[in-house]
Amino acid sequence: TVHDYPILIVGRLHAHAAARLREIFPVVQIDGPDVALVSEEDRQRIRGIVGTTDLKASSLDTAFAGAFPKLEIMSSFGVGYDHIDAGDMAKLGLVVTNTPDVLSGEVADTAVGLLLNTVRELPKAERWLREGNWITKGPYPLTRGTLRGRSVGIFGLGRIGLAIAHRLEAFGLPISYHNRRPVADIAYRYHASLTELAVAVDTLICVAPGDASTDKAINTEVLKALGSNGVFINVGRGSSVDEDALAQALADGTIMAAGLDVFAHEPHVPETLLNAENATLLPHVASASQATRQAMADLVVDNLIEWVERGRALTPVAETRDFAVRKA
Ligand code: NDP
């Protein structure tokens, strides 16, 4: 290895990231976030932890991190880091990094594809062809849904939200958004509340982080506000949705359709959503191309190398930005 800087990998990690890490650092790997899986000797020497978005919410908490006296950095695979209590890590003086930007285009592409699939029922139309219905029954029924004439609201206009907005602008659709704060120098219309945004649009795209501030934010009130022509797309986090309320809204026509890439308790999807004909479902694949995952894997490793060699993290999360440069 190049650096005597022991790294702990928690859970399954992308093979390229794991292989690069093993070339550069001494590596210990455990199946899940359980200190009991680490030997006392390793516990005393671990300096960095690598985790992935496969981990459950808040699994890397202060109790876990606090067990490693020499720990300095957590480098996480994925841009969402709901599996890390980042605010608490800042209290411990640790820096947490994620993998932003390198996946924004891929996730935005998927969001647009999911929107089209949902509104124009393309997966169902393909099934119609494959099942022979085109020959036996004739053309696929005309879709009630269309993108034409829609207006789009983005819940979470950050890096990915902006990439989605740019794409949908080219589709000729008006864009508005809700964040906690308006974005500077942006022409899109800002709404100070999510319900206000849902009233103003008929197509709501969620790409906000999954944390306490967004927990079950998409609820009955918001879905009612979206209305009977409403389409809801989620490429953010499942925790941001009250899934019972969504299933009910799909069943009783409160909204027209939903396209979901993320769920509250992955990989489990509620039966009510599995059975909903007007829901288009994907197994959390928005960033899941080989090229994009490779770039994310490299950024996980590069954050650690940059930290060890130059004392600064490349992509620290907001909560730990104060610790992104090693104190002298
Ligand atoms: P950014 O941090 O760039 O953007 C997040 C945006 O959400 C910001 O504009 C922020 O604005 C807004 N936001 C955060 N909290 C709230 C809140 N409580 N209410 C309203 N708006 C809020 O993140 P990215 O665009 O890079 O990624 C966004 C999320 O997408 C990730 O956190 C991840 O969960 C998800 N994701 C999902 C993927 C998938 O495979 N489906 C792949 C990649 C990411 P403000 O702070 O002003 O509120």
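The values are calculated or read from the model by the stated rules, or taken from the named source; none is laboratory data. What you are looking at is a predicted structure, and each value in this text was computed from that prediction instead of being measured. Cβ: placed from backbone, ideal geometry, glycine included. Neighbour counts: every protein chain shown.
For this structure, a couple of remarks:
- Residue match in region 178-201 (condition: over 19 Å from the mean Cα position of the chain (by Cα), buried (at least 18 other Cβ atoms within 10 Å of the Cβ), closer than 19 Å to residue 280 by Cα and modelled with pLDDT of 95 or more): no
- Residue that is surrounded by the most Cβ atoms within 10 Å (Cβ to Cβ), among those in region 278-289 that are free of Cβ contacts under 8 Å to residues at least 24 places away in the same chain and farther than 20 Å from residue 50 by Cβ: 281
- Among the residues of region 194-214, those identified as more than 9 Å from the ligand (Cβ to nearest atom) and not in a strand (DSSP E or B) are 195, 196, 197, 198, 199, 200, 201, 202.
- Checked against the criterion of being over 23 Å from the mean Cα position of the chain (by Cα), among the aliphatic types (A, V, I, L, M) and either more than 12 Å from the ligand (Cβ to nearest atom) or not in a helix (DSSP H, G or I) (or both), the candidates 291, 297, 225 yield just one match: 225.
- Contact map, region 231-244: first residue over 15 Å from residue 278 (Cβ atoms) and polar (S, T, N, Q), second residue more than 12 Å from the ligand (Cβ to nearest atom) and part of a loop (DSSP other than H, G, I, E, B), Cβ cut-off under 6 Å, separation 6 or more or different chains; pairs are 239/264.
- Residue ID - surrounded by the most Cβ atoms within 10 Å (Cβ to Cβ), chosen from residues in region 228-275 that are part of a helix (DSSP H, G or I) and of a type in the set (A, V, I, L, M, F, W, C): 246
- In region 151-162, the residue that is farthest from the ligand (Cβ to nearest atom) out of those that are surrounded by fewer than 21 Cβ atoms within 10 Å (Cβ to Cβ) and of a type outside the set (Ser, Thr, Tyr) is 162.
- Residues of region 247-272 classified as more than 16 Å from the ligand (Cβ to nearest atom) and of a type outside the set (Asp, Glu), total: 13
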